[in-house]
Every structure is written in structure tokens, then in C-alpha cells.
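**Q** Starting off with a structure, shown below.
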Amino acid sequence: MLGFALRRILVAVGVALTVSVASFMLLHLSGDLATAIAGPEATGEQIVAVRAQHGLDQPLVVQFGAWAWRALHLDFGRSFYFPEQVTDLLAARMPVTLTLGVIALAVALLVAIPLGVLAAFYRDTWLDRAALAVSVLGQAMPSFWFGLTLILIFSVNLRWLPVSGNATWKHFILPAVALGYYAMPAVMRLTRNGMLEVLSSDYVRTARAKGLPPRKILIRHALRNAVIPVIALAAVQFGFMLGGSIVIEAVFSLQGLGQLAWESIARNDFPVVQAIVLVLAMIYIALTLAADLLNALLDPRLRS
């Protein structure tokens with residue numbers, strides 16, 4: 001287990017380094033940052049002064065080294081637009097995005113896992129076909145369109161839930177459903193396939209031959225083994241939710257990292273964009289690593 005953990009940690013470190021280089025170079029490849037910061041009306045002297053002020057006249061290797069060293073100390077510099085440190089901006093917006101991601105993941109798992117279990121248990125019935133139809137619809141439907149539909153039904157027509165904002169827990173219901181529905185199809189299909197494989201295994205047939213109740217076989221013997229790959233998928237989907245929440249946060253006006261990223265891109269606030277990309281990528285890498293280690297702990301076959 002120790003060797004497996006060390007190999008996974010080394011891979012995670014390599015991916016983190018690659019992502020940090022990519023996030024740094026991405027903005028530099030988009031054009032002259034000094035010109036973008038100074039604005040379209042700036043003179044040549046002003047652009048030169050901005051380039052020297054922000055260290056943009058240094059070689060890229062030197063710029064990356066200085067930026068990476070500060071990032072390791074959670075110092076991402078100062079925002080070009082907001083009169084705050086980038087770290088303070090991220091700390092203020094992060095709880096909203098994390099809350100949305102956790103609730104959306106809970107919605108996806110609470111709906112997708114039981115639906116996948118029932119679809120496998122009642123294979124080739126109308127329930128199985130209905131679950132697969134829901135899965136296909138969830139992948140085909142754009143999240144922003146689904147979010148707008150929820151607003152139209154539950155906020156505008158029925159007036160049950162607020163349209164936008166993040167003042168109370170009620171404001172997170174509709175965006176969490178819209179974001180969770182995006183992750184639900186993958187979880188449901190994986191649960192269904194895992195259950196079909198487990199239900200046809202020898203130890204499940206032995207449990208049936210012993211006369212154990214179907215509910216006991218389903219929960220104690222089948223689901224416990226079929227849910228192992230769902231753990232890794234849930235971690236991956238949570239990372240996708242954090243990174244893809246920009247659309248949902250924009251639709252529901254949630255003041256999280258996604259909305260901040262959208263505002264920063266529109267205003268050429270490069271330090272904030274770099275920090276958000278890096279932080280979300282690190283969270284995704286950490287979640288994936290944790291899922292791999294947990295799966296290896298639950299299933300010794302994965303350690304080889």
C-alpha cells in the first residue's frame with residue numbers, strides 16, 4: 001500500500017507541476033500582458049512602465065519561478081481590478097463554490113445511486129429503460145438551459161424558490177439541482193454496470209441459494225462491492241463541478257469562484273484568472289489522489 005501511495009503521489013506532483021506551467025503560459029500566449037493591463041489608450045512609455053512594474057520584462061523562466069514561489073506561499077499578487085489581494089478574493093468566494101459543489105454532488109449521488117441499483121435489479125424492464133432515458137437526457141441537456149428552465153418553473157411561475165443570489169440555503173437548491181443533474185448520468189450508469197456485474201457473480205448466487213432475502217443480498221453483498229468505482233468517479237465529478245460552476249454561477253448570480261473567473265476574464269484581471277485556474281486544478285488533483293488511495297484501501301487488487 002505504501003508503494004502504491006508513493007507512486008500516486010509522484011504522479012499527482014507531476015500533474016500539478018504541468019498544470020502550473022500550463023496556467024502560467026496560457027495567459028502569456030494570449031498576447032502582450034503589459035498592453036492589456038495598460039489599456040488601449042496607453043502610450044508606449046506607459047506600456048514600458050507597466051511591463052517593468054509587473055516584471056514582464058524578465059525572461060519567462062524567471063517570471064514563472066517568481067510566480068510559482070509566491071504561489072507556494074499562497075501569494076498570488078494583487079488584483080488589477082479589485083483593490084484587494086487575490087488570496088483575499090479567493091478566500092471570500094471559495095465557500096460559495098464549495099457549498100454549491102457539495103450540495104450538487106449530494107443531489108447527484110442520492111438520485112443516481114438508487115436509480116442505478118433499481119435499473120440493474122429490474123434489468124430490461126420499463127424502469128431500466130426510464131433510468132437510461134434520464135441518463136441520456138442529462139448528458140444531452142445544456143446545464144445553462146436546464147438552470148433557466150428551473151428558474152422559470154420554480155421561481156417565476158410557482159414562486160417557491162429565489163431566482164438568484166446566495167443569501168440563504170434556499171438560494172442553493174436550484175443551482176445545485178442544475179449542476180448535480182450534469183453529474184448524475186455518469187454515476188447512474190457506472191452504478192448500474194457495477195451492480196449487473198456483481199449480481200451475476202458467484203458469491204451473490206451462493207447467497208441466493210442460501211435463501212437470504214433479496215434486500216439483504218442487494219445492500220450487504222452487491223451494493224457494497226459495486227459502489228467502489230463510484231467513489232473515484234464522485235471525486236472526479238466534484239472536481240468537474242468546481243471547475244464547471246462558472247456557467248451555473250453566472251445563471252443564478254452566485255458570488256463564487258466561477259462568477260469571479262467570469263468577471264476577471266472580462267476585465268483582463270490576469271492574476272485572479274491564474275490563481276483560480278491553479279487553485280481549482282490543485283483541488284481536482286487532490287480529490288483524484290484521495291479517491292485512488294481510498295479505492296486501493298477498499299480493494300487490495302488495485303494496489304498491484
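The values are calculated or read from the model by the stated rules, or taken from the named source; none is laboratory data. Since we're looking at a predicted model, the values are computed, not measured. Here the Cβ positions follow ideal geometry from the backbone for every residue, glycine too, while neighbour counts run over all protein chains shown.
**Q** Consider only pairs whose beta carbons are under 8 Å apart and that are at least six residues apart or on different chains; among these, list those whose first residue lies in the range 47-70 and is in contact (Cβ under 8 Å) with a residue 60 or more places away in the chain and whose second residue is surrounded by 12 or more Cβ atoms within 10 Å (Cβ to Cβ) and assigned to a helix (DSSP H, G or I).
**A** Trp67/Phe24; Trp67/Gln274
**Q** Further, regarding this structure: With respect to Leu105, is the statement that it is farther than 12 Å from Leu257 by Cα, touching a residue at least 24 places away in the same chain (Cβ under 8 Å), part of a helix (DSSP H, G or I) and within 22 Å of the chain's Cα centre (by Cα) true?
**A** Working: farther than 12 Å from Leu257 by Cα: yes; touching a residue at least 24 places away in the same chain (Cβ under 8 Å): yes; part of a helix (DSSP H, G or I): yes; within 22 Å of the chain's Cα centre (by Cα): yes.
For Leu105, the condition - farther than 12 Å from Leu257 by Cα, touching a residue at least 24 places away in the same chain (Cβ under 8 Å), part of a helix (DSSP H, G or I) and within 22 Å of the chain's Cα centre (by Cα) - is met.
**Q** A further question follows. Checking the conditions here, which among Gln46, Gln58 is more than 26 Å from the chain's Cα centre (by Cα), among the polar types (S, T, N, Q) and in a helix (DSSP H, G or I)? Steps first, please.
**A** Details: Gln58 fails: in a helix (DSSP H, G or I).
Only one candidate qualifies: Gln46.
**Q** Okay, moving on. Check the range 75-86 and report whether any residue there is more than 30 Å from Ile228 (Cβ to Cβ), of a type in the set (Asp, Glu) and modelled with pLDDT of 85 or more. Quick ask: steps written out before the conclusion?
**A** Taking the range 75-86 as the starting set, the residues that turn out to be more than 30 Å from Ile228 (Cβ to Cβ) are 75-86.
After this cut, where a residue has to be of a type in the set (Asp, Glu) as well, the list is 75, 84.
Next, from what is left, pick out any that are modelled with pLDDT of 85 or more: none.
For the range 75-86, residues more than 30 Å from Ile228 (Cβ to Cβ), of a type in the set (Asp, Glu) and modelled with pLDDT of 85 or more: absent.
**Q** What number of residues within the range 215-268 are among the hydroxyl-bearing types (Ser, Thr, Tyr) and either more than 23 Å from Gly147 (Cα to Cα) or modelled with pLDDT of 80 or more (or both)?
**A** Within the range 215-268, the first condition is being among the hydroxyl-bearing types (Ser, Thr, Tyr), and the residues that meet it are 245, 253, 264.
Restricting the remaining residues to those that are either more than 23 Å from Gly147 (Cα to Cα) or modelled with pLDDT of 80 or more (or both) gives 253, 264.
Number satisfying all stated conditions: 2.
**Q** Any chance you could count how many residues in the range 224-239 are surrounded by fewer than 17 Cβ atoms within 10 Å (Cβ to Cβ) and within 18 Å of Ile103 (Cβ to Cβ)?
**A** 1
**Q** Still on this model: Which count do you get for residues in the range 252-272 that are crowded, with 20+ Cβ neighbours inside 10 Å and part of a helix (DSSP H, G or I)? Give the steps one after another, and end with the answer.
**A** Step one: list which residues in the range 252-272 are crowded, with 20+ Cβ neighbours inside 10 Å, which gives 252, 254, 256-261, 264, 269-272.
Filter again for part of a helix (DSSP H, G or I), leaving 252, 257-261, 264, 270-272.
Qualifying residue count for the region: 10.
**Q** Do we find that Ala250 is out of contact with any Phe, Trp or Tyr (no Cβ under 8 Å at 6 or more places or on another chain), aliphatic (A, V, I, L, M) and farther than 26 Å from Leu72 by Cβ in this structure?
**A** Details: out of contact with any Phe, Trp or Tyr (no Cβ under 8 Å at 6 or more places or on another chain): no; aliphatic (A, V, I, L, M): yes; farther than 26 Å from Leu72 by Cβ: yes.
No: the conditions fail for Ala250.
**Q** Mind counting the residues in the range 143-172 that are exposed (fewer than 12 other Cβ atoms within 10 Å of the Cβ) and modelled with pLDDT under 80?
**A** Within the range 143-172, residues that are exposed (fewer than 12 other Cβ atoms within 10 Å of the Cβ) and modelled with pLDDT under 80 number 1.
**Q** Restricting attention to the range 118-125, does a residue exist that is of a type outside the set (A, V, I, L, M, F, W, C), without any contact (Cβ under 8 Å) to a residue 60 or more places away in the chain and touching an Asp or Glu at 6+ places or on another chain (Cβ under 7 Å)? Give the derivation first.
**A** Pass one, the range 118-125, residues of a type outside the set (A, V, I, L, M, F, W, C): 122-125.
Pick out the ones that are also without any contact (Cβ under 8 Å) to a residue 60 or more places away in the chain and you get 122, 124-125.
Adding the requirement that they be touching an Asp or Glu at 6+ places or on another chain (Cβ under 7 Å) leaves 122.
Yes, the conditions are met somewhere in the range 118-125.
**Q** Residues being in contact (Cβ under 8 Å) with a residue 12 or more places away in the chain, over 20 Å from Gln259 (Cα atoms) and hydrophobic (A, V, I, L, M, F, W, C): count how many of those fall in the range 138-167.
**A** The number of residues fulfilling the criteria is 3.
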